[in-house]
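Right, one structure below, let's go through it.
The values are calculated or read from the model by the stated rules, or taken from the named source; none is laboratory data. Note that the coordinates shown come from a computational prediction; the quantities given were computed from them, not determined experimentally. Positions of Cβ are generated from backbone atoms using ideal geometry, with glycine treated the same way; all protein chains shown enter the neighbour counts. For the accessible areas, the whole protein counts, side chains as well, though only heavy atoms, and no ligand, DNA or RNA atoms are used. Shrake-Rupley method; radii C 1.70, N 1.55, O 1.52, S 1.80 Å.
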Amino acid sequence: MGFDIYCRVSEVGGRGGESFASSEEQEAAARAWAEQAGEEVDEVVEELDVSGSLAADARELGRLIHRVEAGESEGVIVRYVDRFGRDMVENALAHDRIVAAGGRLIATASGYDSANLNADTRMIFHIQSAIAQAQRERNRESRMAGKERAVARGVYGAPAPFGYDRDDDGRLQPNRGADSVREIFRLRAEGVGFSDIARRVDGVLTRSGVRRVVMNRAYVGEQRIPDPAKKGNPRVIPKSHQPLVTEAEWEAANAVKGHAPTHNGLAAKTYLKGIVRCGICGGTMHVCAYGKARDKMTYACTSGCGGTSMSVAKVEPAVLYQLDLAVAQRAPQVAAVIEGDNRYADALASVEDAKAALAEYRDNIELQQVLGVSDFIAGLRTRKEAVETARRALRDVPRPEPVGSRKMTLEEFDVEDRRRFYQRVIAEVLVFPRSEPQRLRMRWQGAENSIVVQPFKPVKLAQADPIAELQKAA
Ligand SMILES: [Zn+2]
């Protein structure tokens, strides 16, 4: 039985420190030690491009330790402790497994031999591991600094997004897909669903591809690079390359709420699908068919609590009658929509204002010095919340009609137009269970409070039967 030799050469970018040596040099040093100690060499494992931060079992090293534990090997020889690994904790765990199995870990260059284990030699092993870990972290930092220098030159640090190519200098340049990107943002801002957009825009992108385009901030010219100081919170580099859409176009496309795809034909026969909600849980109610011929329809809560339902024939005439009254009385919310309003433009401007305020505050270094860190952070949070509030408001504001749509009376609207009109005027219709005295409420877009909707009773036409009138009079 003999020793195994473990050599590790990590990626070129990660090389550094005095211990760097080729795999052959590492093996030669280990063999020299075995020769001198009169020990046999069994296996030689050479790992290339494997990070020393990984646990032993995530590397070939794990197999060599298993051989020690199985009594198939006397131990592991490395040239330096940092070849064994570059993580203090993982190194200690792997080391102790070898020792616990009665094996030896040898690091030839520093003369470390776990056979001489005592408080002092253990400390030396830990210190060497700590140095190895620090070296790994420094390597990473210098790679990051290199990346930042490249980014400052305008190099894009990730694969080019759809609609761009990288030129010879690594900078993004719009390609033939750029017009498709603009079209995607334009359609999305009009409220078109992702699947529809994928069908309509030259067929190269899938539904999720379209979704990724809409969400990608690269299209306003931004680049995001990881910030080593703040994990999961990338640093934003504005004006990194030529944008394909404006900030306002990006916000408009991202403010659209997702609509659940319509799976059955029933919803197509209703006017208020999507705005009728369960009064208990707030979930959007679905249209279900019932009756022998499945020709009757009901709004039912199927997503949330399942606690309410009401037939479409009861919900819609009552709500639409309320709307007719509002139109006749030129109620402000309805009139605004009919006459064209600028709530949407205003909401969009509010988002931009909030974002500008946030950016200005964030960039104000003097302010940070005056306020102190904790007050500065509190102010930052307030401004971030303001942006989120403005974005939520934008999402709730009815979208403007696409340019060029004709003006017409309510009667001229076809079904699809009517539906769109209702969605722009009515924020939501709430259905409550039978136990409630008022089962229907509705809220106009932009209104704070909801109003009660009375059940609709068709007005009986006046009896125009002269004989009956006469008999009654008699
Ligand atoms: Zn419910």
**OP:** Please determine, by comparing only the residues of segment 436-471 that are open to solvent by 100 Å² or more (accessible area, probe 1.4 Å) and either polar (S, T, N, Q) or at pLDDT 70 or above (or both), which one is farthest from Leu320 (Cα to Cα).
**Re:** Gln471
Original post:
in contact with a Gly (Cβ under 9 Å, 6 or more places away or on another chain) and among the hydroxyl-bearing types (Ser, Thr, Tyr) - does that describe any residue in segment 176-192?
Top reply: yes
**OP:** Give the residues of segment 136-164 that are open to solvent by 80 Å² or more (accessible area, probe 1.4 Å) and of a type in the set (A, V, I, L, M), sorted by residue number.
**Re:** Ala152
Original post:
Within segment 178-195, which residues are open to solvent by less than 60 Å² (accessible area, probe 1.4 Å) and part of a helix (DSSP H, G or I)?
Top reply: Ala178, Ser180, Val181, Ile184, Phe185, Leu187, Arg188, Ala189, Phe194, Ser195
**OP:** For Tyr344, work out the one condition from (1) modelled with pLDDT of 80 or more; (2) in contact with a Pro (Cβ under 6 Å, 6 or more places away or on another chain) it doesn't fulfil.
**Re:** (1)
**OP:** Could you tell me which of the residues Ala29, Ala34, Ala55, Ala94 is over 18 Å from Leu117 (Cβ atoms), touching a helix residue (DSSP H, G or I) at 6+ places or on another chain (Cβ under 6 Å) and hydrophobic (A, V, I, L, M, F, W, C)?
**Re:** Ala55
**OP:** Determine which single condition Lys239 fails, assuming it passes every other condition in (1) at positive phi; (2) buried (at least 17 other Cβ atoms within 10 Å of the Cβ).
**Re:** (2)
Original post:
Just to be sure, is Val44 farther than 19 Å from Arg86 by Cβ, in a strand (DSSP E or B) and of a type in the set (A, V, I, L, M, F, W, C)?
Top reply: yes
**OP:** Spot the failing condition for Ala335; the list is (1) at pLDDT below 75; (2) exposed (fewer than 13 other Cβ atoms within 10 Å of the Cβ), and only one is missed.
**Re:** (2)
Original post:
Say we look at segment 303-331 and pick out the residues that are in contact with a Ser or Thr (Cβ under 9 Å, 6 or more places away or on another chain) and modelled with pLDDT under 85; which of these is farthest from the ligand (Cβ to nearest atom)?
Top reply: Ser303
**OP:** Could you pull out the residue among Asp120, Asp167 that is open to solvent by 40 Å² or more (accessible area, probe 1.4 Å) and either touching a Ser or Thr at 6+ places or on another chain (Cβ under 7 Å) or outside the structural domain of Ala34 (by TED's automatic domain parsing) (or both)?
**Re:** Asp167
**OP:** Quick one: Asp113 ticks every box in (1) of a type in the set (Asp, Glu); (2) closer than 16 Å to Val9 by Cα; (3) open to solvent by less than 40 Å² (accessible area, probe 1.4 Å) except a single one, so which number is it?
**Re:** (2)
Subject >> Criterion: assigned to a helix (DSSP H, G or I), open to solvent by 50 Å² or more (accessible area, probe 1.4 Å) and touching a residue at least 12 places away in the same chain (Cβ under 8 Å) - qualifying residue of Arg83, Arg31, Arg67 >> reply: Arg31
Subject >> Enumeration of residues in segment 354-374 that are under 27 Å from Glu247 (Cα atoms), charged (D, E, K, R) and open to solvent by 50 Å² or more (accessible area, probe 1.4 Å) >> reply: Glu360, Arg362, Asp363
